[in-house]
Each structure stands twice: as structure tokens, then as C-alpha cells.
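The values are calculated or read from the model by the stated rules, or taken from the named source; none is laboratory data. On a predicted model such as this, the values are computed, not experimentally measured, just so you know. Every residue, glycine among them, receives a Cβ derived from its backbone with ideal geometry; neighbour counts consider all protein chains shown.
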Amino acid sequence: MTRYLRTLRRFWSASFSAEMEYRANFVVATVVSVLNLVGGVFTIWLFFTGRDDLGGWSMTQALLVMGIFTLLSGVSDALLVPNLSRIVHFVQQGTLDYVLLKPIDSQYYLSTRNLSPWGLPNILFGLGVISYCVVKLDLPPSAFGIAALAVALAMAVVYSLWFMLASITIWFVKVYNVTHVLQSFMEAGKYPMSAFPHAYRVVLTFVIPVAFMTTVPAQLILGKAGGDWFAIAAMLAVGLFIVSRLWWRFALRFYTSASS
Amino acid sequence: MIEADNLSKSYRVADKQPGLMGTLRHFFRRKHKTVEAVKSVSFNIEPGEVVGFLGPNGAGKTTALKMLTGLIHPTDGSVSVAGHRPFARKAAFLKQITLVMGQKQQLLWDLPASESLRINAAIYDIDDTEAKRRIDTLAEMLSLDEELTKPVRKLSLGERMKCELLAALLHNPKVLFLDEPTLGLDVNAQATVRQFLRDYNKEHEATVLLTSHYMADITALCERVMLIHKGSLIYDGSLDGILNQFAPYREVKVELAEPITNGQMDTYGEVQSIDGRVARLIVQRDALTRTVDRLLAERDVCDMTVTDPPIEEVIGRVFTDGVAD
């Protein structure tokens, strides 16, 4: 365990210093996340002009969903994009062999190898918006604890789905674009699920569990959903994570029997 | 240290005809054929041995190396490396081996090699003082210095390969699998890498299995070679033994007192070339002494040398003529 933590520290300090070579990126990332946030807030403001309630959500509550979305995007930019989109390169260049010959869990290696500082603006804005909503809505301080846990579970869901999609490249190197599909679905997580027509809601809850990424965490923070929803979210997160590990093992079995 | 018993690997590959029609036909009706990349290969390598693995492209060398390192699962037969079954890829096994591939790199492109070394030290659970000691020793053996702190992308191919070797050996592996470690290097860099491997082998009593296209690597490092051809092991023994087995002839170069005319030397052996007073002949080994005696008795010989044919040529002939078939 300490070995994994020490490895993680070195992974992150190395990739951080590599990314810092390109300082202009930081400005770009900040501008992009400001624009995204302003656009999202403007849309919510449009929804709520002339009314106080949309499908049972007040404007500040809807803003909380957007805060969670922004935070998740930030974490994805920092951790998921720089790692999972590179799996295809490991396969293409054959350097996955080196990863497999390291005495460390290969899924861990591929998922944590890089850390990009460019997710930081979104993480900070997300945390800011969530804090603003919690204070504005007069929620008890325990809401912060619930928020941390709920967002962590949401993150596990996003990670597991993303990792499984990214590892399809073991079979079909050309389908690395498939993760963009997931990203576009995630965009739907900007707004509360009740903002969507019923049919979409079903898809976004049961087919691609976008609801569990932002809406359910928000409901948990707001106290709109109780302990049973917590249990469901936790089961989904843990279940998907386990499936992602089994999936990776299955993919590797294929890789190691088919590659020459 | 390394034991392979009837090791085999076959693949099912798509058998597609060229052209658009072939592609369409392939889309609807897939045909597959089985390719036997490695066929019942058995050998046993003792601790500390340096063995050269030779064969033309596509002979099955890399496939065999991958089975030995546990990257691919054998179709048949068994392997044991350092007492482990490679394919389980247990940490205890992985900590004892290393794989260096000349055409693939593990160092991080944008960062100095020292960063990659720090990461490897953490992965292999080597503490900082020990890691520093090992890096210093290996860097000195490889005559690396400020190269370690320059971004890898700014290094020359030779410098990069040396850094790759350092990174691959930081955990003091007992078994080294080297796939074309000198590929594309200039003569000086090749010599440094060779010398380094020899020193490392001596110092750590490491077992080395190496493939190379450069015969000089093999002659400099390996006392034992294995020839693999179309997936089968056709020779396993000393380098000299190859000459005896596949080249039972010698090259005789004679210089006579007078210019040689065509046809004059035909009775002594197979004439390779005639240039003024010098002739080069190929003579079967069992007829060698007799031929030399005859030459000295019948001709006015000024100078004569008898040499082994170059090993590259012999091995090249083995692979193109398919002596094994």
C-alpha cells in the first residue's frame, strides 16, 4: 500500500512537471471553464425566468447540480482524460508490454500514471458553486460531508464506465473515439434529470447512469433522497468498479493471447 | 534458470485476399488460417549464461521471448523462468526479470530519464539511498552523466538506449531478455552497450538471453547460440559449433610466384576468385590437409592463409537455404 502511494506521488510529480512546460495551457483551461460555467448559469437563468420551480427544483438547487457537474469535469480533465485516452497509445506502440511487466497492478498504473493541472480551474469553480449553494440554501454543515461522499461515488461511476470504454481499444485500436460518446452523454448531467422528457430520463438513469453522476448526488446533499438512494449509489459505484476490473482482466487475456 | 519444454505458440489469423473484392468476401465469409509461430522448442539455460537467439525476421524470436517473459500464453508446452511460471506474472517473478526492446521505449519522452528512474524505484520498492547507489554505479558503467537530467527527447539514440538499459536494470534483475538492444546504434554506442552487458553479467551473474541482427553483438557476448528458423530450434550450442555443423569447409587464400590462369586451380577446390597471383578457394574440411599438401608440393606458393568462413555468411546461408528442412 505504501508502495502504491509512493508510486502515485512520483507519477504525479513527474507528469505535473511535464505539463508545466506548457504554461499557456493554464490560461486556455481557465478561460474555457469560465465560459462553460457562464454558459451553464445563463441557461439555468433562462429556464427560471418567470418561474421559481422547474420539475421540483429551485434555481439554486439546479445550480448545485451544475456545481457537481463542473467538479466532475475538473476531476475528469485532471485524471481521466490524461490517463484513459492514452491507453490506446500503449496498445499501438506496444509499450503496454512494459506496463504488464512491472510488479504493479496494470489498471492502477494506466489509470493514475498522469495528472493534469488543467482540470484545476473546473475543480475550483465546482467547489465554489457547491459551497455557494449549500450556504445559500441554509443546509447543515454535514451537507459538505455528504457532498464529498456522494461526489466520490459519482466519480467512481464515471471512472469505471470510462475505463471500460477506453480498454475496448485492446480489441479495436480504431475505436478510441468511443470515449467521446460518453463525454457527450455526461454533458446531460449539467441539469437535473427532471429537466428532460421521460424517455431520456430512463436512458440517462438505467442505460448510461448519468443521473447517478450529478442529479442523485445533488438530491442526497439536498436531503431530497434518503439513505436508500445512498445505498443504491454506493452499490452502483462499487459494482461498476468491480466490473471494470474483471473487464480489464478479460481484455488482457485477449491481448496476451492475440498479440505477437 | 530458464527452461522451456516443447514450447509452442500458434495464432489464428485472418486470411484475406487483396483488393476490394477480397475485402468484401472477407467481410461476409471470414477465412482463418493457423500460423505456428513457435514449434515445440525445448532448451535449458543455466544461471549466468549469455545466450544469443538468432533467426531471420518472423522466425519466432520475439514470440518466444514474450512467452518467456509471460506476455503471451503458450499454446502448448511449458516454461519456467527463475522457478516461476511466467504467465502468472507474479510480482516475485517480475522483480527478477527485465525486458529491453530496442524498438520500444519505456522512458517518459518529455522528462529527464532521472524522473522515470524515480518512478521505477517506487514501483520496485527500492529506497532512495539504495536507488541512488545503483543509479550511480550503473551510470558509471554506461558512462552516463548529465544525460540523465536532460529531457529524453533531446538525447541521441545511443544515449537514450543507455538510459533505457539503466531503467531496465535498476531493480537488479537476475534474468535479462534483450530484444535487439543495439538496434540502430552507431558502432561506438554498440560497443559501449556490449561492454556494459558483459560487465553486468559478470558482476551480477545474471542470465542473459539476447536477440540481435548484429553478429558482432553475438560474437562479443555469447558463448552459446540458438538458431531458430520458421519457429523451430535448429541449432543450440557453441558459436564455433555452428561452423562445424553448417559450414564444414574453410577458405584458403594462396599467393603464387606467378600469375594464375583460369582453370589452373580447379582441381584444389571451389574457386571463389582469382586476382593476379592470388586465388581464394573453398575447400571441404576433411580434404583440407591433403589439399594444402598438394598445393605446396605442386605449386610455387609464396603465401597461404586458411580461415573460417565469416559466421554471418554461414548463418545467412543456413536461413536462406533452409539447411534444416
Check your understanding: How many residues, within the range A:94-109, are more than 16 Å from B:Gln105 (Cβ to Cβ) and more than 7 Å from every other protein chain (Cβ to nearest Cβ)?
Key -> 5
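Output the residues belonging to the range B:50-73 that are more than 14 Å from chain A (Cβ to nearest Cβ) and either assigned to a helix (DSSP H, G or I) or crowded, with 18+ Cβ neighbours inside 10 Å (or both). Step through it out loud before you land on a result.
Looking only at the range B:50-73, we keep the residues that are more than 14 Å from chain A (Cβ to nearest Cβ), and these are B:50-56.
Residues satisfying the conditions are B:Val50, B:Val51, B:Gly52, B:Phe53, B:Leu54, B:Gly55.
Any residue that is basic (Lys, Arg) and surrounded by fewer than 13 Cβ atoms within 10 Å (Cβ to Cβ) - is there at least one of those in the range B:286-301? Working first, answer last.
Of the residues in the range B:286-301, the ones basic (Lys, Arg) are B:290, B:294, B:299.
If we keep only those that are surrounded by fewer than 13 Cβ atoms within 10 Å (Cβ to Cβ) too, we end up with B:290.
Checked against the condition, which is being basic (Lys, Arg) and surrounded by fewer than 13 Cβ atoms within 10 Å (Cβ to Cβ), the range B:286-301 yields at least one hit.
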Practice item. Looking only at the range B:39-59, decide whether some residue is in contact with a helix residue (DSSP H, G or I) (Cβ under 8 Å, 6 or more places away or on another chain), among the polar types (S, T, N, Q) and within 23 Å of A:Tyr98 (Cβ to Cβ). Key: no
Revision key, fill the gap. Among strands (runs of 3 or more DSSP E) completely within the range B:168-271, the ones holding 1 or more residues that are under 13 Å from B:Leu54 (Cβ atoms) are B:175-179, B:207-211, B:224-229, B:232-238
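What tally of residues in the range B:18-41 results from selecting those that are within 14 Å of chain A (Cβ to nearest Cβ) and not in a strand (DSSP E or B)?
Step one: filter the range B:18-41 for residues within 14 Å of chain A (Cβ to nearest Cβ), giving B:32, B:34-38.
From the residues that got through so far, the ones that are not in a strand (DSSP E or B) too are none.
Residues that pass the stated criteria total 0.
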Practice item. Please verify whether the range A:173-191 includes one or more residues that are exposed (fewer than 13 other Cβ atoms within 10 Å of the Cβ) and touching a residue at least 60 places away in the same chain (Cβ under 8 Å). Key: yes
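I need the full set of residues from the range B:21-44 which are among the polar types (S, T, N, Q) and at pLDDT 80 or above, in order please. Steps first, please.
Here is the first cut: in the range B:21-44, the ones among the polar types (S, T, N, Q) are B:23, B:34, B:40, B:42, B:44.
Scanning the range B:21-44 gives B:Thr34, B:Ser40, B:Ser42, B:Asn44.
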Practice item. Working carefully through the options A:Ile146, A:Ile170, A:Ile208, find the one that is of a type outside the set (S, T, N, Q), within 25 Å of A:Val88 (Cβ to Cβ) and surrounded by fewer than 20 Cβ atoms within 10 Å (Cβ to Cβ). Key: A:Ile208
Practice item. Examine the range A:67-86 for a residue that is part of a helix (DSSP H, G or I), hydrophobic (A, V, I, L, M, F, W, C) and either more than 13 Å from the chain's Cα centre (by Cα) or within 11 Å of chain B (Cβ to nearest Cβ) (or both), and state whether such a residue exists. Key: no
Review point. Under the condition of being free of Cβ contacts under 8 Å to residues at least 40 places away in the same chain and surrounded by 12 or more Cβ atoms within 10 Å (Cβ to Cβ), which residue from the range B:1-14 is farthest from B:Met67 (Cα to Cα)?
Key: B:Val13
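Identify, from the list B:Leu108, B:Leu68, the residue that is assigned by TED's automatic domain parsing to the domain that holds B:Val208 and touching a residue at least 60 places away in the same chain (Cβ under 8 Å). Can you show your working first?
Values: B:Leu108 fails: touching a residue at least 60 places away in the same chain (Cβ under 8 Å).
Result: B:Leu68 is the single residue among B:Leu108, B:Leu68 that is assigned by TED's automatic domain parsing to the domain that holds B:Val208 and touching a residue at least 60 places away in the same chain (Cβ under 8 Å).
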Study note, to complete from the structure: Heads up, the helices (runs of 4 or more DSSP H) in the range B:78-141 (entirely inside) with at least 3 residues that are of a type in the set (Asp, Glu) and either at the interface with chain A (Cβ under 10 Å from one of its Cβ atoms) or surrounded by fewer than 22 Cβ atoms within 10 Å (Cβ to Cβ) (or both) are B:128-141
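Could you tell me which of the residues B:Tyr235, B:Tyr268 is out of contact with any Ser or Thr (no Cβ under 7 Å at 6 or more places or on another chain) and of a type in the set (Phe, Trp, Tyr)?
Working: B:Tyr268 fails: out of contact with any Ser or Thr (no Cβ under 7 Å at 6 or more places or on another chain).
It is B:Tyr235.
Being among the basic types (Lys, Arg), farther than 19 Å from B:His229 by Cβ and within 35 Å of the chain's Cα centre (by Cα) is the filter here; which residues of the range B:266-325 pass it?
Taking the range B:266-325 as the starting set, the residues that turn out to be among the basic types (Lys, Arg) are B:277, B:280, B:285, B:290, B:294, B:299, B:317.
Subsequent filtering for residues that are farther than 19 Å from B:His229 by Cβ retains B:277, B:280, B:285, B:290, B:294, B:299.
Of everything in the range B:266-325, those that are among the basic types (Lys, Arg), farther than 19 Å from B:His229 by Cβ and within 35 Å of the chain's Cα centre (by Cα) turn out to be B:Arg280, B:Arg285.
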